[in-house]
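Derivation of every value follows stated rules applied to the coordinates shown; laboratory data play no part. Being a predicted model, the structure only gives us computed values, none of them experimental. As a convention, Cβ positions derive from the backbone with ideal geometry for all residues, glycine included, and neighbour counts pool all protein chains shown.
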Amino acid sequence: MPKTILITGASSGFGLLTARLALSRGWAVAAASRHAEAALLDGPGNERLLSLRMDVCDPASVREGLRAVEQRFGVPDAVVNNAGIGLLGAAEEVAPEALRRQFETNFFGAVELTRAVLPAMRARGAGQFVFVSSDLGRTGAPGLSAYCATKHALEGWAESLFHEAAPFGIGVTIVEPGAFRTGFHERSMEVAAGVGDPDSPYAPLYRSLATGFFGGPERPTGEIVAEAILLAAEGREPRLRAPVGEDAEEWSRGRFVAEEEEFIRDLAGRFGWHAWRST
Ligand SMILES: NC(=O)c1ccc[n+]([C@@H]2O[C@H](COP(=O)([O-])OP(=O)(O)OC[C@H]3O[C@@H](n4cnc5c(N)ncnc54)[C@H](OP(=O)(O)O)[C@@H]3O)[C@@H](O)[C@H]2O)c1
């Protein structure tokens with residue numbers, strides 16, 4: 001009997017790569033997203049594939065999707081909370097409703113699905129949760145306050161769950177990818193109204209982000225992230241937090257090991273936006 005993995009945001013990017021990898025390694029895969037396309041995963045192992053339409057922002061859709069997984073494969077052995085969206089804009093220019101949308105997907109969506117699966121996993125005494133956060137899940141960054149806030153919230157919640165669930169045989173891993181070429185910025189990134197407005201006081205920041213952070217050197221594709229997610233789903237990642245990619249490892253070391261002032265100066269330099277006035 002193959003083990004079952006439920007992956008959200010499996011229509012593209014890390015989620016799709018993880019679904020393909022899991023199928024190739026013999027898992028039964030429930031691939032969930034708002035635009036479920038079984039065709040994306042066509043190939044060997046399809047008899048072990050359930051392609052699901054699930055909007056993590058809609059509790060009824062989450063419950064219905066989970067029911068379909070349980071009917072087909074039983075209670076999932078691993079759940080990967082990967083669905084996520086981004087939001088570019090200075091704190092002052094991000095509309096409150098856009099900030100709430102971020103939280104609905106990146107935080108409450110993961111919470112909803114996790115809480116729905118937990119009782120059955122607890123009763124069985126086994127299970128793994130993987131939360132796909134970001135290297136921005138432990139640090140703030142100019143122009144990305146909304147996204148950072150959701151990932152910080154997700155990490156705090158997941159870390160608490162790690163403590164609560166361990167005695168019941170349930171593992172929790174937070175995967176923190178650095179920057180990868182998945183199409184996230186083109187497909188899943190909302191922008192605040194001020195972005196693109198030459199009169200915005202943050203126009204230099206947005207220009208710097210466009211050419212630096214987002215437009216920088218070619219990024220790697222996400223295969224190593226899929227490997228890290230699957231390792232965690234198998235319960236073989238020994239760390240609670242698993243940074244993936246050179247930048248993520250460097251930031252994670254910097255955040256916790258370097259002096260805070262040094263870290264903030266370095267980060268501000270990378271974003272081309274200075275945290276302190278130089279007067
Ligand atoms: N790419 C990077 O550099 C990077 C770095 C750090 C962290 N991350 C994180 O990695 C995760 C995956 O991103 P990605 O890079 O693979 O980008 P992506 O290809 O754009 O994936 C985002 C996925 O989330 C799904 N999604 C969005 N809203 C949803 C909802 N309400 N319900 C269900 N599914 C939803 C999308 O599918 P549908 O539109 O079909 O629903 C899509 O499959 C995100 O959590 C992101 O924050 C990415």
Checklist line | Residue within the range 42-53 that is within 14 Å of the ligand (Cβ to nearest atom) and assigned to a helix (DSSP H, G or I) present | finding: no
Checklist line | Pair list, Cβ < 6 Å and 6+ apart or interchain, from the range 73-100 residues that are under 28 Å from PRO119 (Cβ atoms) to residues that are of a type in the set (A, V, I, L, M) and more than 16 Å from the ligand (Cβ to nearest atom) | finding: PHE73/ALA28; VAL75/ALA120
Next item on the list: For ARG72, state whether it is of a type in the set (D, E, K, R), more than 8 Å from the ligand (Cβ to nearest atom) and surrounded by fewer than 22 Cβ atoms within 10 Å (Cβ to Cβ).
Entry: yes
Check: So which residues in the range 17-37 are among the small types (Gly, Ala, Ser) and either within 13 Å of the ligand (Cβ to nearest atom) or crowded, with 20+ Cβ neighbours inside 10 Å (or both)?
Finding: ALA19, ALA22, ALA28, ALA30, ALA31, ALA32, SER33, ALA36
